Amino acid sequence: MVKKSGDGFTPTGKVYKSTTLPKPTKKKHTDLGLKDDDLLPLFHSMYKQRRFEERAAQMYQKGKFGGFLHLYIGQEAVSSGTVAALNDDDDILGAYRVHGMALARGSDPGRCMAELFGKKTGVSRGKGGSMHFFDLERHFWGGHAIVGAHIPLAAGMAMANKYNDNGRVVICFFGDGAVDQGSLNETFNMAQLWKLPVIFVVENNGYSMGTAVERHSAGELHKRADAYGMKNAVVNGMDVFTIIEKVQEVAKDVRETNEPWFLEVKTYRYRGHSMSDPGNYRTKEELEEFRGFDPIERLKTYILKNKIAKEEDLKAIEDEIEQIVLDAIDFAEESDFPDPKELYEDTYTQDDYPYHV
Amino acid sequence: MAVLQFREAIREALTEEMQRDEKIILMGEEVAEYDGAYKVTQGMYKEFGGKRIIDTPISELGFAGIGVGAAMNGLRPIIEFMTFNFAVVGIDQIINNAAKLRHMSGGQISIPIVFRGPNASGGQLAATHSVAYETIYAHIPGLKVMYPSEPGDAKGMLKTAIRDNDPVIFLESEQMYGMKGEVPDGENLIPFGKGKIKREGSDVTIVAHGKMYHVAKQAAEQLAKDGVEAEIIDPRTIKPLDIEMIVESVKKTNRCVVVDETHPFCGFSAEVGFLIQREAFDYLDAPVQRVTIPDVPAPFAKNLLELWLPSPKQVIEAVKTVTYRN
């Protein structure tokens, strides 16, 4: 593109098309080791995230809780596919758009909703909020809201897994904005040098907040790994089978070789960056186009077309989830806020730490 | 009781702890094959091997964060910064991750990690290589901060830091690594938040930690010749602070000078001064005075650096002020 000097350093006034999706896998679920019975739980997992967040947004708009609320809606194939592909004791870290991943990993919806409400029954006891869900029992390690700052943590966790030779793999998710951070580049270098069993995943949803990926990142994201000799690939993130296929393959390789991987998953978020985002940086047509690739509808169509379940079976799941989410809201509403004394808990492991006053 | 260099005392603490607990690893620039930039880790690579003594690239952000991640997941890393001036590159990992992850996860995560290395001025190294960071780290909840002044303290304090389950900032000094001192034989764990009266006196309390303890000591020796007996309190741990020991001393001497190598504004000396006025106001016979580096970066020129650094002469002047001998 020829730029006039007055254009400044990044082209302005142009609305970029966010992303182009690679082709999804052609494999059927049976080719991926999935049984017919595995598909309804997969649908359950994805639809639960969707309804949880739609209701969470309503609660936010009603003023039930404050802070930021970043919705994952549109990206559920990534979380559900990852969890299906990994072992339950593999370690997952995410960034701040993280409700979906926690729910996919099996965190209790009531405790997740309670965390949004800042209640003591929340997954982080009301200390973390939307951006900081943690559920260590499920090997879900957050919930990290300084962009890219958790990437070295993932490598460190992988170092400990390798040191203990426990066979666990770490998988670390972040957005396309995080690819520009020094933390990613420093970590990639060491992860490759030290052969750490970790999978880095950029969920490239096209926008670093409101800045299109073309405007914030030079080159293709997955190719950053080439500079370090790290294995990498780019995949369609709107199709859950594609995610399962790739994460299975990559996790197997990481377990066998102890070498890291970098996956670029092309996906799309339907909602704004956060609740206050008018979304002027993209067109309505683009949003509609991607809604046409909806991962939940796609799985639903597959299930029906292949006669794995009937319409009414899926409807029954949707109704069940509706009730789960309503119960989660009730649980959150009825739970207590943390006791004032809890302000001085959880900062140090030392129970009698003499806090400065 | 052995007489050891400061660096040897630290090495003994590191080595003994690593022999005791195989979850401890040590990472940093030049710590392994080079045997340590300041020879603190000399011989340790040979003893423990490359799985536990790990050379890193010059990536302070990266290896600080990798250390935190390893600590979250069951290891007990010791991260050596070649100096704490370089730790600033990775300070997000210390301030946001090491210090806060336990809190944000509602107590699910513990981070047993020690960040250690030289702090403050190391001679004519100019502005970026001369900063004392204890005030900045002590400001952050979730961290504990130690800065020993003598080899015996260093060994006992570092062992405590390594065994603790919370992140600890352990500050050393390039200029003190060669300094010799008595180190007690056997296990001598020095707890957090316990200061030490390093010199008893009844006329004035001088609070001084780390390298500044030695400045205070020289001043006290000089003052004694003039008949002024200073009591020197070395808090040893900056956070949590043994304010009780300081207050008890001030109640006896009624006067206090704080010697501190951090900048004056919002510095360690400001906090100690505030605490003394709150806890011992009625005992004070003079306003608390302080000797700090000035509110400007470290200069290179030798004469300016001498002006910049706290000196025994300045401490003597401050003592004269609080004892009305000017």
List the aspartates and glutamates whose Cα lies under 20 Å from the Cα of residue A:315, skipping any in the same chain that are fewer than 8 positions away. A:36, A:37, A:38, A:53, A:54, A:76, A:294, A:297, A:327
Cut-off under 21 Å on the C-alpha distance; same-chain residues fewer than 8 positions from residue A:27 excluded. Which lysines are left, in chain and number order? A:35, A:246, A:252, A:266, A:300, A:305, A:307
Tell me what chain B gives for mean residue ellipticity at 222 nm when only DSSP H runs of n ≥ 4 count, each as -39,500 (n - 2.57), the sum divided by the residue total, rounded to 500 deg cm²/dmol. -10000 deg cm²/dmol
Counting Lys +1, Arg +1, Asp -1, Glu -1, what net charge surrounds residue B:289 among other residues with beta carbon under 11 Å of its beta carbon? +2
Non-local amide H neighbours of residue A:231 (under 5 Å, H modeled in plane, Pro and chain starts lacking H): which ones? A:262
With +1 at each Lys and Arg Cβ and -1 at each Asp and Glu Cβ, the charge dipole magnitude of segment A:262-357 around its Cα centre, to the nearest 20 debye, comes out at 1020
Quick calc: nm separation of the 7 Å Cα→Cβ label points for residue B:221 and residue A:310 -> 9.6
How much net charge surrounds residue A:172 when only the other residues with a Cβ under 12 Å from the Cβ of residue A:172 are counted, with Lys and Arg +1 and Asp and Glu -1? -3
Applying the Karplus parametrisation 6.51 cos²θ - 1.76 cosθ + 1.60 with θ = phi - 60° to the phi angles of segment B:38-44, what ³J(HN,Hα) value in whole Hz is obtained for each residue in order, glycine and proline being reported as x? 10, 6, 5, 9, 3, x, 6
Relative packing of peptides A:313-319, A:188-194 - highest average C-beta neighbours within 10 Å first: A:188-194, A:313-319
Placing +1 on each Lys and Arg Cβ and -1 on each Asp and Glu Cβ in chain B, then taking the dipole about the Cα centre, the residue among B:118, B:256, B:149 whose Cα reaches farthest towards the positive end is B:256
Tell me which of A:98, B:79, A:290 sits at the most positive position along the dipole axis of the protein assembly as shown, charges placed on C-beta atoms (Lys, Arg +1; Asp, Glu -1). A:290
Helix B:6-20 versus the longest principal axis of chain B: what angle, 0 to 90°, nearest 10, using Cα atoms? 40
Defining a contact as two alpha carbons under 8 Å apart and six or more residues distant in sequence, what relative contact order in percent does segment A:30-326 show? 22
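What does the highest-first list of A:279-290, B:61-72 look like by mean Cβ count within 10 Å?
Going from most to least packed, we get B:61-72, A:279-290.
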Please compute, for peptide A:187-195, the average count of beta-carbon atoms on other protein chains lying within 10 Å of each residue's beta-carbon. 3
How large is the dipole of chain A about the Cα centre if only Lys and Arg carry +1 and Asp and Glu carry -1, each at its Cβ, rounded to the nearest 20 debye? 1320
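How many partner chain Cβ atoms sit within 10 Å of a residue's Cβ in peptide B:56-62, on average, as a whole number? Write down the numbers at each step before the final one.
Numbers: counts 5, 4, 1, 8, 1, 10, 14.
Mean inter-chain Cβ contacts per residue within 10 Å come to 6.
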List the residues, sorted by chain then number, that are 5 or more residues from residue B:26 or on another chain and whose placed amide H is less than 5 Å from its amide H. B:53, B:54, B:78
Return the FRET efficiency for the residue pair residue B:325, residue B:202: r is the Cβ-Cβ distance, R0 is 25 Å, and the value is rounded to the nearest 0.05. 0.95
Over the Cα atoms of the protein assembly as shown, compute the convex hull volume and normalise it per residue, giving Å³. 179
Go ahead and estimate [θ] at 222 nm for chain A from helices alone: -39,500 (n - 2.57) per DSSP H run with n ≥ 4, summed, over the residue count, rounded to 500. -12500 deg cm²/dmol
What does the charge count near residue B:38 come to, summing +1 for each Lys or Arg and -1 for each Asp or Glu among other residues with Cβ under 12 Å from its Cβ? -3
Could you list B:302, A:48 in order of exposure, starting from the residue whose Cβ has the fewest other Cβ atoms within 10 Å? B:302, A:48
Roughly how big is the protein assembly as shown's charge dipole about its Cα centre, with Cβ charges of +1 (Lys, Arg) and -1 (Asp, Glu), in debye to the nearest 20? 1260
Pick out, from B:108, B:98, B:45, the residue whose Cα sits farthest towards the positive end of the charge dipole of segment B:28-125, with +1 on the Cβ of Lys and Arg and -1 on the Cβ of Asp and Glu. B:108
In units of 2.2 N^0.38 Å, what is the alpha-carbon radius of gyration of segment A:30-326? 0.95
Quick one: work out the % antiparallel among DSSP beta bridges in the protein assembly as shown, nearest 5. 20
Karplus-derived HN-Hα couplings along segment B:118-125 (A = 6.51, B = -1.76, C = 1.60, θ = phi - 60°), whole Hz, x at Gly and Pro: x, 10, 6, 5, x, x, 7, 10
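Peptide A:143-150: average number of partner chain Cβ atoms within 10 Å per residue?
The shielding value for this peptide is 4.
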Provide the FRET efficiency to the nearest 0.05 for the residue B:128-residue A:297 pair, computing r from the beta carbons and using R0 = 45 Å. 0.20
Measure nothing but the geometry: give the 0 to 90° angle between the long axis through the Cα atoms of B:60-72 and the longest principal axis through the Cα atoms of chain B, rounded to 10°. 70
Relative to the longest principal axis of chain B, what angle (0 to 90°, nearest 10) does the C-alpha long axis of helix B:312-322 take? 50
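Computed from the coordinates by the stated procedures, all read-outs in this text should not be read as laboratory data. The model shown is predicted, which means the values in this text are computed figures rather than measured ones. When we count neighbours, we look across all protein chains shown, and the Cβ atoms used for this are built from the backbone with ideal geometry, even at glycine.
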